[in-house]
Amino acid sequence: MNFSHQRKDKLTMLEMPSEKYRAAPVISFPQRTWPSKILDKAPRWLSTDLRDGNQSLSNPMNIDKKLKLFNHLVECGFKEIEVAFPSASQTDFDFVRCLIENELIPGDVTVQVITQSRSDLIERTIDSLTGASKAIVHLYNATAPSFRDIVFSQDKKSTIERQLP
C-alpha cells in the first residue's frame with residue numbers, strides 16, 4: 001500500500017492511492033473482451049490480515065490482538081476487512097461475535113469471513129454473523145492436488161464428494 005507521512009508519529013493511507021499510477025495501456029486482442037477494458041475507478045481493497053483459521057501460525061492472534069489490528073485497518077481506511085475463518089477456530093468465531101455484539105464495525109465497513117463449501121461449516125459461519133448489518137461470506141472448495149494429497153489424504157473424486165451436502 002502507499003502511505004504518506006501526515007505527522008512524524010503516524011502513517012496514513014493516501015487519500016486517493018489510485019491516482020498515483022497511470023492507467024495500464026489497452027491491448028488489442030479481439031478474441032477476448034477483457035484486455036480492451038479500461039479501469040476507470042480504483043479497485044476495492046480488501047485486507048485479509050485478521051484471518052487465522054486453519055492456516056494460522058503456531059501462535060495465532062487472540063481477540064485483543066485481532067481487535068487492535070482491526071481498529072488499525074479501519075483507521076487506515078479499509079472498507080472491507082476479512083476478519084475471520086469462524087468455522088476453523090473458536091477464537092475466530094468469538095472475534096466475529098465480539099465485533100458484532102459490541103457494535104465495533106463502523107457503518108461504512110463491511111466484514112468478510114471465509115469458509116469451506118460444506119454445509120456444516122457454512123452454518124457455523126452464518127451463526128457467527130448473526131446480527132451483523134452486512135457481511136460477505138467467501139466460500140471456497142479446496143480441490144488443488146497438493147491440498148487433496150496433504151490435507152485431505154484423498155483422491156479428487158473423494159475430495160469433491162466431501163464438499164457436497
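The numbers here are math on the coordinates, done by the rules we state, and not lab data. Not measured: the values here are computed from a predicted model. For neighbour counting, all protein chains shown are included, and Cβ atoms are generated from backbone atoms with ideal geometry for every residue, glycine included.
When only DSSP loop residues count, what GluC sites (Glu not before Pro) in the range 101-155 have their Cβ near at most 16 other Cβ atoms within 10 Å?
Working: sites: Glu101, Glu103, Glu123; in loops: Glu103.
Sites meeting the loop and neighbour criteria: Glu103.
If you wrap the range 43-163 in the convex hull of its Cα atoms and look at it from every side, the mean projected area works out to 8.1 nm². Positive-end ranking of Met61, Leu104, Ser146 along the dipole of the range 50-165, with charges on Cβ about the Cα centre, is headed by Ser146. For the range 43-163, the dipole from Cβ point charges (+1 on Lys and Arg, -1 on Asp and Glu) about the Cα centre works out to 320 debye, to the nearest 20.
In the range 43-163, a dipole from Cβ-located charges (positive for Lys and Arg, negative for Asp and Glu) runs towards its positive end, and of Val83, Leu121, Thr159 it is Thr159 whose Cα lies farthest in that direction. The alpha-carbon of Lys68 sits under 14 angstrom from the alpha-carbons of these aspartates and glutamates, leaving out residues fewer than 8 places away in its chain: Asp49.
The phi-based Karplus calculation (6.51 cos²θ - 1.76 cosθ + 1.60; θ = phi - 60°) puts the 3J(HN,Hα) values of the range 65-70 at 5, 5, 5, 4, 5, 4 Hz, whole numbers, x for Gly and Pro.
Say R0 is 25 Å: what FRET efficiency, to the nearest 0.05, do Phe147 and Asp127 get from their beta-carbon distance? The pair Phe147/Asp127 has a calculated efficiency of 0.50.
Label positions at Asp108 and Tyr140, each projected 7 Å from the Cα along the C-beta direction, are separated by 3.0 nm. For the set Lys41/Lys66; Lys20/Lys41; Lys20/Lys79; Lys79/Lys134; Lys41/Lys79, the pairs lying more than 22 angstrom apart at their alpha carbons are Lys41/Lys66.
Taking Lys and Arg as +1 and Asp and Glu as -1, the other residues whose beta-carbon sits under 9 Å from that of Ile114 total 0. Sparsely packed loop sites in the range 72-165 (the trypsin sites (Lys or Arg not before Pro) outside DSSP H, G, I, E and B with at most 12 other Cβ atoms within 10 Å) comprise Lys134.
Subtracting the Cα-Cα distance of His72 and Phe29 from their residue separation scaled by 0.36 nm leaves 11.3 nm.
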